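Engineer: One structure, as structure tokens, below. Some questions next.
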Amino acid sequence: MTANALDALLSRRSTKLLRAPAPNEDELARILQAGMCAPDHGALRPWRYVLIRGEAIGRLADMALDAVKRSGDKRMTPEKEKSVREWLAAVPLVIAVAQKIEHDNPKIPEQEQLLATGASVMNVLNAVHMLGYAAFWSTGLGTYVEEVQESLGLDALDYRFLGFVAVGTLAVELPPLRRPDYREFVTEWTGVAA
Ligand SMILES: Cc1cc2nc3c(=O)[nH]c(=O)nc-3n(C[C@H](O)[C@H](O)[C@H](O)COP(=O)(O)O)c2cc1C
């Protein structure tokens with residue numbers, strides 16, 4: 001990896017404040033291809049992506065908000081609905097993300113399939129950033145309402161729905177962000193008793 005690529009990894013960050021344009025077709029192809037380069041025990045390729053663009057994003061908002069309201073979720077107030085609609089109206093590309101569950105695989109437990117999918121999405125997020133765009137992974141918008149994933153063609157028996165990645169161009173300059181110091185999260189094991 002070049003120093004520039006590492007700098008890109010170190011500067012990636014999420015934001016909901018997106019606008020058009022989305023990555024073009026060639027860029028999107030490279031972004032999604034990056035998602036194919038995740039570590040993947042048994043080459044199960046458990047990641048699935050559903051692209052939602054243009055007018056389909058408005059239809060997604062209608063579908064998901066109706067389903068959330070029908071589910072009885074009291075948090076979906078009229079104000080919340082308005083802000084979700086306004087947010088989505090500015091987003092040029094939404095990528096729904098799911099794990100295809102291989103049930104009862106004797107060698108590769110579901111958690112490893114989930115981890116491979118997460119790694120794939122991380123590659124997508126990094127590729128988006130490296131091409132100069134921005135993204136936000138959200139498990140709002142009815143991610144946990146079964147009707148929503150079913151409407152996206154993801155049968156709940158076979159797919160674990162993992163939310164939506166909104167992709168676009170950064171709409172505002174973001175304030176500086178301080179990341180945690182890795183030393184707080186890393187220990188070393190030597191095998192020698194203390
Ligand atoms: C699986 C997953 C689901 C997420 N869902 C939400 C969400 O619904 N709402 C939210 O505010 N942030 C959510 N986040 C967090 C944001 O995507 C983002 O990571 C966070 O705002 C921190 O920004 P950073 O990626 O620049 O560190 C989620 C992250 C992950 C990995």
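Engineer: Just to be sure before I move on: is Val128 part of a helix (DSSP H, G or I) and either over 18 Å from Leu51 (Cβ atoms) or touching a Leu at 6+ places or on another chain (Cβ under 9 Å) (or both) in the structure I sent?
Structural biologist: Considered against the rule, which asks whether it is part of a helix (DSSP H, G or I) and either over 18 Å from Leu51 (Cβ atoms) or touching a Leu at 6+ places or on another chain (Cβ under 9 Å) (or both), Val128 comes out as no.
Engineer: Check Ala61, Ala8, Ala20, Ala56 and return the single one that is in contact (Cβ under 8 Å) with a residue 12 or more places away in the chain and more than 16 Å from the ligand (Cβ to nearest atom).
Structural biologist: Residue meeting the stated conditions: Ala20.
Engineer: Do you know which residues across segment 131-166 are assigned to a loop (DSSP other than H, G, I, E, B) and hydroxyl-bearing (Ser, Thr, Tyr)?
Structural biologist: Tyr133, Thr139, Thr143, Tyr144
Engineer: Taking Asp26 as meeting all but one of (1) within 16 Å of the ligand (Cβ to nearest atom); (2) free of Cβ contacts under 8 Å to residues at least 60 places away in the same chain; (3) of a type in the set (D, E, K, R), write down the number of the exception.
Structural biologist: (1)
Engineer: Output the qualifying pairs, or none if there are none: Cβ atoms under 6 angstrom, residues six or more apart or on different chains, first residue in segment 169-180 and away from the ligand (no atom under 14 Å from the Cβ), second residue outside any loop (DSSP other than H, G, I, E, B).
Structural biologist: Thr169/Arg19; Ala171/Leu18; Ala171/Arg19
Engineer: If you don't mind, there's one more thing I want to ask. Could you please let me know if Thr187 is hydroxyl-bearing (Ser, Thr, Tyr), assigned to a loop (DSSP other than H, G, I, E, B) and touching a residue at least 12 places away in the same chain (Cβ under 8 Å)?
Structural biologist: No.
Taken together, the values in this text are just the output of simple stated rules run on the coordinates, not laboratory data. Worth saying up front: this structure is predicted, and the values here are computed from it rather than measured. Glycine gets a Cβ as well: all are built from the backbone with ideal geometry, and neighbour counts include every protein chain shown.
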